[in-house]
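Working notes, beginning with the structure itself.
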Amino acid sequence: MSVTTKGPLPAEPYDVTVVGAGVVGSAIARELAGHHRLRVALVEASGDVGDGTSKANTAILHTGFDAVPGSLEARLVREGSRLLAAYAAESGIPVEPVGALLIAWDEEQLAALPGLLKKAERNGYDEARIIGADEVRAREPHLGEGALGALDVPGESIICPWTTTLAYATQAVREGVDLHLNCTVEKVGSSPPGGSECHELTTPRGVVRTRYLINAAGLHADALDRRVLGRGAFTVTPRRGQLIVFDKLARDLVSHILLPVPTALGKGVLVAPTVYGNVLLGPTAEELDDRRATGTTGEGLAGLRAKGRRILPALLDEEVTAVYAGLRAATEHDDYQIHGSPEERYITVGGIRSTGLTASMAIAEYVVGLLAEAAGPDLDLTVAGNLDPVSMPNLGEAFLRPYQRADLIATDSAYGSIVCHCERVTRGEIRDALISTVPPGSLDGLRRRTRARGGRCQGFYCGAAVRELFDGWGESGAAR
């Protein structure tokens, strides 16, 4: 297994290369890893997996009840939800089945609920039902005044998006996929010049040669399409979503994912618990031109607070732990843009919005199916081998953490030595992350693997200790 962050790249061509190590690209690499004869590479511009759109997901495992019936997205979200729920249980990815309430705040929204119920049924989800204002109030007593009713969707869950991406990448690498980080694709050509044997991806670290290419580049998927195909079927318009994370003391204020009636711009502003014990308010939906505009704004956060006060007034009295923003890869189309170009030995995986986390495993199966059709006997993807299971560290509050496990502490005292007291992260967990199959390349990456520095003090008290551990183990993996 191989993870590289610097230095020259292998000269030998790969059979398949996936560009983009977000949750979808990593899931595709994992799916390909079952075909052990293939040489597969996963190439990422950033220094870590899941470091782009995937890290700012709203962390919901959807049922697909509100997708456009008959769309590819509806099908893949429905299938992916089942696949990811099973995979999470097997791999230790924290999931909490809290359910969702889609709240109607006025007569127009109330009148829309029967249509949404029918849409859920057309999407194969039969557990939704409309409930009245009294039941809504009984189930969410801290809800703001004026709720007229809701669509109850009990199958919606919250999930850890960071661990999901990391689990995919870890399993892929352990099964032989080469993960090359810090490899921005700057140019695409072919080898030999004018020929069609291999794609040549020029990166700052050298050239990646590959017979087949899968574009899972998220915000940059349209640009890569144009480089490879000379054309594009869609344009990515970054849609910024700003979010506010409230302190764990707010967790008792809300039991369900609270959704508004959706609009053309998305699912709207929600209030949801997180598996880490916090409460999330957001996201905004701002269409931008800048694909790097991941900063928050005073206007955006003020708008969120105004909407949050309507939904859950007491939430606004709680302490804010963090604010952040992410960019979703929206396009002019209402559906995922997944296309095969057999003559170019190329597959586009674009237009994957926030539902991509839920759909990731089904997208991976679908894409490998397209690749099998395109390649035929050239790659022979008819039969996949089994993958050794992975066991990911638990970041969820609904399950025992290492500091709570006397059996674990008895075998290794590092699990009883708390470094980050806000999030109760131990020295043993930080050590494990730093010497793991896909180690973090930064303190932010370490936070996504352990929650260290992610609590209410944001590293004010533990930052120096965490930094010392990070520098001590670093890239060498040499414990001290």
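The values are calculated or read from the model by the stated rules, or taken from the named source; none is laboratory data. These numbers were taken from a predicted model, which means no experiment stands behind them. Quick reminder, even Gly has a Cβ in these numbers, built from the backbone with ideal geometry, and neighbours come from all protein chains shown. Only protein heavy atoms, including side chains, enter the accessible area calculation; ligands, DNA and RNA are left aside. Shrake-Rupley method; radii C 1.70, N 1.55, O 1.52, S 1.80 Å.
Please state which of the following conditions GLU319 fails to meet, knowing it meets all the rest: (1) surrounded by fewer than 18 Cβ atoms within 10 Å (Cβ to Cβ); (2) closer than 25 Å to PHE65 by Cβ.
Checking GLU319 against (1) surrounded by fewer than 18 Cβ atoms within 10 Å (Cβ to Cβ); (2) closer than 25 Å to PHE65 by Cβ, the one that fails is (2).
Looking at the range 59-147, what helices (runs of 4 or more DSSP H) fall wholly within it and have at least 1 residues that are out of contact with any strand residue (DSSP E or B) (no Cβ under 9 Å at 6 or more places or on another chain), more than 23 Å from ALA272 (Cα to Cα) and open to solvent by 60 Å² or more (accessible area, probe 1.4 Å)?
Values: elements: 72-91, 107-122, 133-139.
Output list reads 72-91, 107-122.
Could you check how many residues of the range 377-410 are closer than 24 Å to ILE435 by Cα, of a type in the set (A, V, I, L, M) and within 27 Å of the chain's Cα centre (by Cα)?
Adding up the residues that qualify gives 5.
If a residue must be buried (at least 18 other Cβ atoms within 10 Å of the Cβ), over 23 Å from ALA372 (Cα atoms) and of a type outside the set (A, V, I, L, M), how many such residues does the range 163-202 contain?
7
Quick one: which residue in TYR403, TYR366 is aromatic (Phe, Trp, Tyr), in contact (Cβ under 8 Å) with a residue 40 or more places away in the chain and in contact with a helix residue (DSSP H, G or I) (Cβ under 8 Å, 6 or more places away or on another chain)?
TYR366
Within the range 1-48, restricting attention to residues that are within 26 Å of LEU83 (Cβ to Cβ) and charged (D, E, K, R), which residue is least open to solvent (accessible area, probe 1.4 Å)?
Of everything passing the filter in the range 1-48, ASP48 is least open to solvent (accessible area, probe 1.4 Å).
So, of the residues in the range 328-352 that are in a loop (DSSP other than H, G, I, E, B), of a type outside the set (Asp, Glu) and in contact with a Phe, Trp or Tyr (Cβ under 8 Å, 6 or more places away or on another chain), which turns out to be nearest to ILE28 (Cα to Cα)? It would help to see each step written out before you state the result.
In the first step, residues of the range 328-352 are kept if they are in a loop (DSSP other than H, G, I, E, B); the result is 331-336, 345, 351-352.
This time we only want the ones that are of a type outside the set (Asp, Glu), so: 331, 333, 336, 345, 351-352.
In the following step, the residues that additionally are in contact with a Phe, Trp or Tyr (Cβ under 8 Å, 6 or more places away or on another chain) were identified as 331, 333, 345, 351-352.
On the way: THR331: 21, HIS333: 22, ARG345: 16, GLY351: 16, ILE352: 13 Å.
Residue satisfying both the conditions and the ranking: ILE352.
If I ask for residues that are open to solvent by 90 Å² or more (accessible area, probe 1.4 Å) and of a type in the set (A, V, I, L, M), which ones from the range 381-404 would you list?
Hits for the range 381-404 are VAL383, LEU400.
Given GLY266, GLY369, GLY303, which one is modelled with pLDDT under 95 and open to solvent by 10 Å² or more (accessible area, probe 1.4 Å)?
GLY266
Could you tell me whether any residue of the range 32-40 is more than 25 Å from SER191 (Cβ to Cβ), in a helix (DSSP H, G or I) and in contact with a strand residue (DSSP E or B) (Cβ under 6 Å, 6 or more places away or on another chain)?
Checking the range 32-40: not a single residue is more than 25 Å from SER191 (Cβ to Cβ), in a helix (DSSP H, G or I) and in contact with a strand residue (DSSP E or B) (Cβ under 6 Å, 6 or more places away or on another chain).
Regarding ILE363, is this residue open to solvent by less than 20 Å² (accessible area, probe 1.4 Å), β-branched (Val, Ile, Thr) and in a strand (DSSP E or B)?
Taking the combined requirement at face value, the residue does not satisfy it.
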